[in-house]
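To keep things clear, I will list the structure first and then write my remarks on it.
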Amino acid sequence: MKPTTLLQSFKPHPLPAPFAEKLRSGVAGGLGIFLLASVLHFLPQPQFPLLLLGSMAASAVLLYAVPHSPLAQPWNLVGGHLFSAICGWLSMAYISDPLLAAGIAVGGAIFLMYVLNCLHPPGAATALTLVIGASQFQQMGLLWSALIVLANALISLLLALLINNFLPRRRYPQKPPKHMRAAEKPLMIIPQQEDLEWVLAQQDSVLDISIDDLTEVYWLAQQRAQARFDLATR
């Protein structure tokens, strides 16, 4: 990468969303965390407390700022936190070096989330939390630690369903994308980057992709479609 390109990459990347949507996201995220903390506080806690995990704040960013992102969907939220917590607890319990345990917990969590199709970045923070709070979570045991994580994730999911679907132009969760039937003839009019920018500007919610990435993805898809069409018409 050229030095000038590297320096330009440090500039702020503006998010194409109206101010009202940004405000709604902030209010929704704050309300979600407040209600999560309140529910955890009033739930029965027979032996150990149901802790509010700091990683849920990162989940709130996904759930309420980019609820349409694949990383914010229910399986990603619950599975990502749960399997990452298991990685974190096992690393903490069986690796004596805390630095090594931290690295293995986060690396193992990322790998497991990828394999199980539940990639959720805050999950890695959950794995690290269990390593950092080793003495406390080891005393609680794996099952109780997993219960704490599940309680945080499931309540967060319920709140996201209620709050997001109450707000205008939000649909949560999102259905998996369907495979569209290939067109018989190629498009004669090809959208340009300015067309993609216009579409993004019309969205009321933030899409978790930059205009440069979207343009590159569209260009690569266009090249593949053209190659397939040329092969079929030979």
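Scanning the range 36-91 for residues that are more than 29 Å from ARG171 (Cα to Cα) and either of a type in the set (Gly, Ala, Ser) or crowded, with 24+ Cβ neighbours inside 10 Å (or both) gives CYS87, GLY88, TRP89, SER91.
With respect to the stated conditions, VAL61 fails to be in the same structural domain as PHE137 (by TED's automatic domain parsing) and within 11 Å of ALA127 (Cβ to Cβ). State yes or no: is TYR94 closer than 20 Å to SER145 by Cα, assigned by TED's automatic domain parsing to the domain that holds LEU150 and among the hydroxyl-bearing types (Ser, Thr, Tyr)? Judged against the criteria, TYR94 is a match.
What about ILE104, is it among the aliphatic types (A, V, I, L, M), farther than 23 Å from PRO173 by Cβ and at pLDDT 95 or above? Yes, satisfied. For the range 108-118, the count of residues that are assigned by TED's automatic domain parsing to the domain that holds LEU150, at pLDDT below 95 and within 14 Å of ALA146 (Cβ to Cβ) is zero. From the set of residues in the range 111-137 that are in contact with a helix residue (DSSP H, G or I) (Cβ under 7 Å, 6 or more places away or on another chain) and among the β-branched types (Val, Ile, Thr), which is surrounded by the most Cβ atoms within 10 Å (Cβ to Cβ)? Applying the filter and picking the extreme gives THR126.
The values are calculated or read from the model by the stated rules, or taken from the named source; none is laboratory data. Please read all numbers here as calculations on a predicted model, not as lab measurements. No Cβ is skipped: glycine too gets one built from the backbone with ideal geometry, and neighbour counts run over all protein chains shown.
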